[in-house]
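Engineer: Before I ask anything, here is the structure I am working with.
The values are calculated or read from the model by the stated rules, or taken from the named source; none is laboratory data. Note that the coordinates shown come from a computational prediction; the quantities given were computed from them, not determined experimentally. No Cβ is skipped: glycine too gets one built from the backbone with ideal geometry, and neighbour counts run over all protein chains shown. The protein model used for the area step is the full one, side chains on, heavy atoms only, and it has no ligands, DNA or RNA in it. Shrake-Rupley method; radii C 1.70, N 1.55, O 1.52, S 1.80 Å.
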Amino acid sequence: MRKTIAGLFCAIGLYGQTCTILAPTNCGITGVYAGPPTLQSYVTGLSTALPAAEWNVARLPQPRILFSAQIIPASSTFIASDPFSCPYSGTCNFNNPTVIDNFIDSLLTAPPNGAGLKSIDINLWVSPLFQSAQYTANCAGYGACYTVPSYYQVWYSHGLATYDAVFAHIASSWPGVKVRLSPMFSGDTMVTCGIAQGVGNFTELQLEQCAAPLWAAMVARWHVDDMTVSHEPCGVFALVLGTTPACVTSVTDMDTFIQHTAAAVRATSQNPAIRVGAGALITDASGPCPSSQNFWCDWYTNLMPANVLDFGGIDMYPDTSLPAANYNNTLAAYATMAQHVTSVGKTVVANEASAMRWSNPSGPGGEPNTYWGCAASEWMTDGTFMAWARAVPGSWAPAHGLQIYSIFPIEPLLMTTTDTSNNHCVAGNAYEVLLSNALAAGPVLSPLGTLYGAMAAGWNASLQGTARLTGNAHLGQ
């Protein structure tokens, strides 16, 4: 029998204590910075929105789905943030196979020592592939061959060796685990390919000639199960190419980019069953269908029926410009996106997803704009993470046909902190260095990781026994 959210919180001893989602009036009216929103208003809004999200789908079928997680230290933003000289001088916080392998082991090891996940996602740093034999073999056939500047060569070679070690670890230690990639250019990639930032400063052909051989090289070099060939045309793709607030290309040009990169991936992949997809934010699905800005529309009306794309990946982030109580409006938009894909017989997944964020509503959004970041221990003690996990990936996602749900800011599953000045899940934050140091010594898991693992295993099966979390809180009765 499914427990109610209230029942779960009573069971783990959080009810009635200082600042919980069930007693939001006990939350502080201010946080690190002056509101709004105050911590009190934020938690109060979630105490209404998250139970409603679960209740709204209570009568719908909720089949078991696959839970996944982003391998943050292996992502472009993190691994490329280490100095060029790493490891010859200085410290490799992320471009470090030991750290990455222990991150993976923390997530994949069966409970109680790990979260027991069966899938991982990597937003891979693509530039090291320039140094691979697979790039040399494929660059002329699928694009253009670029010569790496001398000052990048050692850096790229070290990055490639790191990735080789990580993929070898996955293959030997975790056979059968699904490996999902969502590659994206970085600034050094564009330098190597001679692509200039800004609207009108590059063409679709330039993007394709740079990307297709790199995408082909990675699936030829390593076993990959799912490959997202285009990633947020109005989001991160536009940000990296410097076109924001405009999208990176037109819908027509992105269609061409996807067709050609998908063909390169299918032709070179060592995995004949590889699935090809494209990922989008809400902004990539805006306006009527068809329209000049609705990329999602083109994918489910053209590319999916033509079998160019096997899946659509929604990047599910809360709209932090809205009060937390309005979160269900955002979920409704995601539900529509999911229905578009399932109605044409294709797979829909959450390529990236975030728990709720206590953010400045007038800021630029994202993790750097949060008052307290995703690693704050507050979100465990007040119950908001559990309520989100139970309502959204636990109930909403399977009810709307999502087959995979991947959480992006995954670091708090391994370690949380009470340091309100250093709790943001972004490269360069002191918290990330502490986590990297912990992972250099071995796998780690936080109480949030225990909860996420319980959800991944199935709440009914896993909320048993006497596994203790913190203080008097424990799972089971």
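Engineer: Restricting to the stretch 430-446, what's the tally of residues that are within 27 Å of residue 360 (Cβ to Cβ) and open to solvent by 20 Å² or more (accessible area, probe 1.4 Å)?
Structural biologist: Number satisfying all stated conditions: 3.
Engineer: From (1) farther than 23 Å from residue 82 by Cα; (2) in contact with a Ser or Thr (Cβ under 8 Å, 6 or more places away or on another chain); (3) in a helix (DSSP H, G or I), pick out the condition that doesn't hold for residue 180.
Structural biologist: Going through the list (1) farther than 23 Å from residue 82 by Cα; (2) in contact with a Ser or Thr (Cβ under 8 Å, 6 or more places away or on another chain); (3) in a helix (DSSP H, G or I), residue 180 breaks only (3).
Engineer: Say we look at the stretch 343-367 and pick out the residues that are in contact (Cβ under 8 Å) with a residue 60 or more places away in the chain and under 12 Å from the mean Cα position of the chain (by Cα); which of these is nearest to residue 408 (Cα to Cα)?
Structural biologist: Here the residue is 352.
Engineer: Tell me which residues, restricted to the stretch 183-194, are buried (at least 21 other Cβ atoms within 10 Å of the Cβ) and assigned to a loop (DSSP other than H, G, I, E, B).
Structural biologist: Those that are buried (at least 21 other Cβ atoms within 10 Å of the Cβ) and assigned to a loop (DSSP other than H, G, I, E, B): 183, 185.
Engineer: Next question, about the same structure. Within the stretch 36-149, considering only helices (runs of 4 or more DSSP H) that don't extend past its boundaries, which have at least 1 residues that are in contact (Cβ under 8 Å) with a residue 12 or more places away in the chain and more than 28 Å from residue 213 (Cβ to Cβ)?
Structural biologist: Of the helices (runs of 4 or more DSSP H) lying wholly inside the stretch 36-149, those with at least 1 residues that are in contact (Cβ under 8 Å) with a residue 12 or more places away in the chain and more than 28 Å from residue 213 (Cβ to Cβ) span 39-56, 97-108.
Engineer: Can I ask one more? Look at residue 212 and say whether it is in contact (Cβ under 8 Å) with a residue 12 or more places away in the chain, within 24 Å of the chain's Cα centre (by Cα), on the phi < 0 side of the Ramachandran plot and surrounded by 24 or more Cβ atoms within 10 Å (Cβ to Cβ).
Structural biologist: Judged against the criteria, residue 212 is a match.
Engineer: Go through the stretch 60-107 residue by residue and tally those that are among the aromatic types (Phe, Trp, Tyr), surrounded by fewer than 20 Cβ atoms within 10 Å (Cβ to Cβ) and in contact with a Pro (Cβ under 9 Å, 6 or more places away or on another chain).
Structural biologist: Final tally of qualifying residues: 0.
Engineer: Tell me, which strands (runs of 3 or more DSSP E) wholly within the stretch 224-319 include 3 or more residues that are touching a strand residue (DSSP E or B) at 6+ places or on another chain (Cβ under 6 Å) and farther than 20 Å from residue 142 by Cα?
Structural biologist: 311-316
Engineer: Could you go through the stretch 127-144 and let me know if any residue there is under 24 Å from residue 244 (Cα atoms) and surrounded by 19 or more Cβ atoms within 10 Å (Cβ to Cβ).
Structural biologist: Yes.
Engineer: Please work out which residue is modelled with the lowest pLDDT, limiting yourself to the stretch 136-146 and to residues that are more than 16 Å from residue 206 (Cβ to Cβ) and not hydrophobic (A, V, I, L, M, F, W, C).
Structural biologist: In this case the residue turns out to be 138.
Engineer: If I ask for residues that are within 19 Å of residue 266 (Cα to Cα) and touching a Cys at 6+ places or on another chain (Cβ under 9 Å), which ones from the stretch 191-211 would you list?
Structural biologist: 207, 209, 210, 211
Engineer: Looking only at the stretch 289-333, which residues are of a type in the set (Val, Ile, Thr) and surrounded by 22 or more Cβ atoms within 10 Å (Cβ to Cβ)?
Structural biologist: Residues satisfying the conditions are 314, 320.
Engineer: At positive phi and either in contact with an Asp or Glu (Cβ under 6 Å, 6 or more places away or on another chain) or in contact (Cβ under 8 Å) with a residue 12 or more places away in the chain (or both), is that true of residue 373?
Structural biologist: Criteria not met by residue 373.
Engineer: Turning to a different aspect of this structure: Among the residues of the stretch 235-242, are any surrounded by fewer than 18 Cβ atoms within 10 Å (Cβ to Cβ) and of a type outside the set (A, V, I, L, M, F, W, C)?
Structural biologist: yes
Engineer: Give 137, 161 a once-over and let me know the one that is of a type outside the set (Lys, Arg) and closer than 17 Å to residue 124 by Cβ.
Structural biologist: It is 161.
Engineer: Taking the stretch 153-175 as the search range and keeping residues that are open to solvent by less than 60 Å² (accessible area, probe 1.4 Å) and among the hydroxyl-bearing types (Ser, Thr, Tyr), which one is farthest from residue 133 (Cα to Cα)?
Structural biologist: Here the residue is 173.
Engineer: Here's a follow-up. Identify, from the list 365, 401, the residue that is at pLDDT below 90, in contact with a Ser or Thr (Cβ under 7 Å, 6 or more places away or on another chain) and under 28 Å from residue 279 (Cα atoms).
Structural biologist: Going through 365, 401 in turn, the sole match is 365.
Engineer: As an exercise: evaluate residue 419 against (1) touching a Cys at 6+ places or on another chain (Cβ under 7 Å); (2) open to solvent by 30 Å² or more (accessible area, probe 1.4 Å) and give the number of the one condition it does not meet.
Structural biologist: So the condition that residue 419 fails would be (1).
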